[in-house]
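*Asks:* Following this message is one structure expressed as structure tokens.
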Amino acid sequence: MVFRWTIRLRSPTSNMATKLTEITDKYKKFVIDNYEIVGKVESAVRLLSYFIPGQSVVLAELLYATSNLLVFVNDAILRKAAHIKLLVPLPHDKLCSWLTVLEHIEVFLELTACGFGNDLSRWLVVFCVQVVKAVIKFVLLLKFNLGILQTPSVAALRRGTFLQKQLSEVNQNTPMFSSNEPSLFGDDVTSHVETKATFILPSSGRKVRTLNRAPPLTQRCWQVPSADNDFMCASTKLTPLQTAGECLHITRPLCHRIFVYFNSSLDVFIPCLYLLGDANQYNKTERKELHRRHLLMALYLLRSPFYDKYTKAIVGVSSMVAEGLFSCLDDINIRNGGEWSLA
């Protein structure tokens, strides 16, 4: 009697888990078969966040964060289905996934704390989020030697021609997902058996396509496939000075809030970029990240309060000098009986 009662208690839970698994598998199959429609839905959700009235800032940021998380989950499904493997070991992949999720929702957490609390609760949430992010980044940098960390940690998948070719090359008879598949945050999303698309001949160094990864005869372009941009290159091994610069960049969001000396982000930004050195010594992904940081520094110069204190005066003086220079050139040109022209 006790055994039957136990079975009856466990049965609803088992049925719910089975239904949840079926729904998840159907959603994955829909994403794989209709990834273009899924991309339009993601864009629509993100576009909708821009039309929310200004009074509903929390709702608008919730929609924006939801669209980013939706893109992240769908990209993981498509990478697994298309056998696109990020060359990151298992511990790296788990930490990078959680770090990406935290980067997508940090602004929403800040606005929620500010809306339902006071200014102190807002800064407490900001401080906690930045501390967690800094700890994860320090682990990736110092323990796993991941090099310069990009933002977001897991880049979005480019769903173009390459993805379509990769999906067409996958054997349709092989099941893509199983009931005991790993989660997005626990295991590698590409743990299935995978072969390389090309190999290099040892004698001539020529790149050759493998037969088992060749597309159908009607879809062949008879060219050696190029490396995909979504593959993560091997991280550049940083020198002690470069490691110090990256550590300083990780602590940048916290430095000017904890220490009085760092009264602006520029006090930390410039030493970071100086210690990291020239961008040409890094791989393509790391160069993009360095260029993004240089752009952020340029935008910081044009944003308050730094703009009101320093940049505005410099721009005003520069405009006055330029105006005076053009006036002098006009006077000289008029005296010579000519007409001033920029041509």
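*Asks:* Hey, could you check the range 294-304 for residues that are outside any helix (DSSP H, G or I) and not charged (D, E, K, R) and say which is surrounded by the most Cβ atoms within 10 Å (Cβ to Cβ)? Break it down into steps so the answer makes sense when it comes.
*Replies:* Step one: filter the range 294-304 for residues outside any helix (DSSP H, G or I), giving 302-304.
Checking which are not charged (D, E, K, R) leaves us with 302, 304.
Working: L302: 11, S304: 9.
Selected residue: L302.
*Asks:* Still on this structure, please answer the following. Quickly run through the range 17-49 and pick out the residues that are acidic (D, E) and within 21 Å of T66 (Cβ to Cβ). Lay out the reasoning, then the answer.
*Replies:* Taking the range 17-49 as the starting set, the residues that turn out to be acidic (D, E) are 22, 25, 33, 36, 42.
E36, E42, listed by residue number.
*Asks:* Keeping to the range 112-156, report how many residues are within 18 Å of S67 (Cα to Cα) and at pLDDT 90 or above. If you could, list the steps in order and put the result at the bottom.
*Replies:* Initial filter on the range 112-156 (within 18 Å of S67 (Cα to Cα)): 112, 151-156.
Cutting the leftovers down to at pLDDT 90 or above gives us 112.
Within the range 112-156, residues that are within 18 Å of S67 (Cα to Cα) and at pLDDT 90 or above number 1.
*Asks:* Here's something else I'd like to know. What number of residues within the range 110-131 satisfy the criterion of being loosely packed, with under 14 Cβ neighbours inside 10 Å and of a type in the set (V, I, T)?
*Replies:* 1
*Asks:* Could you tell me which numbered condition Y307 fails, if it satisfies all but one of (1) part of a loop (DSSP other than H, G, I, E, B); (2) touching a Leu at 6+ places or on another chain (Cβ under 8 Å)?
*Replies:* Y307 satisfies all of (1) part of a loop (DSSP other than H, G, I, E, B); (2) touching a Leu at 6+ places or on another chain (Cβ under 8 Å) except (1).
*Asks:* Separate question: What is the residue count in the range 50-64 for residues that are more than 15 Å from T112 (Cβ to Cβ) and either part of a helix (DSSP H, G or I) or touching a residue at least 24 places away in the same chain (Cβ under 8 Å) (or both)?
*Replies:* 1
*Asks:* Might you check whether a residue that is part of a helix (DSSP H, G or I), at pLDDT below 90 and touching a helix residue (DSSP H, G or I) at 6+ places or on another chain (Cβ under 6 Å) occurs anywhere in the range 11-24?
*Replies:* no
*Asks:* Looking at (1) under 22 Å from T151 (Cα atoms); (2) at pLDDT below 85, which one does Y274 not meet, given that it meets all the others?
*Replies:* (2)
The values are calculated or read from the model by the stated rules, or taken from the named source; none is laboratory data. From a predicted model like this one, the values you see are computed outputs, not experimental measurements. Don't worry about glycine lacking a Cβ; one is built from the backbone with ideal geometry, like all the others, and counts go over all protein chains shown.
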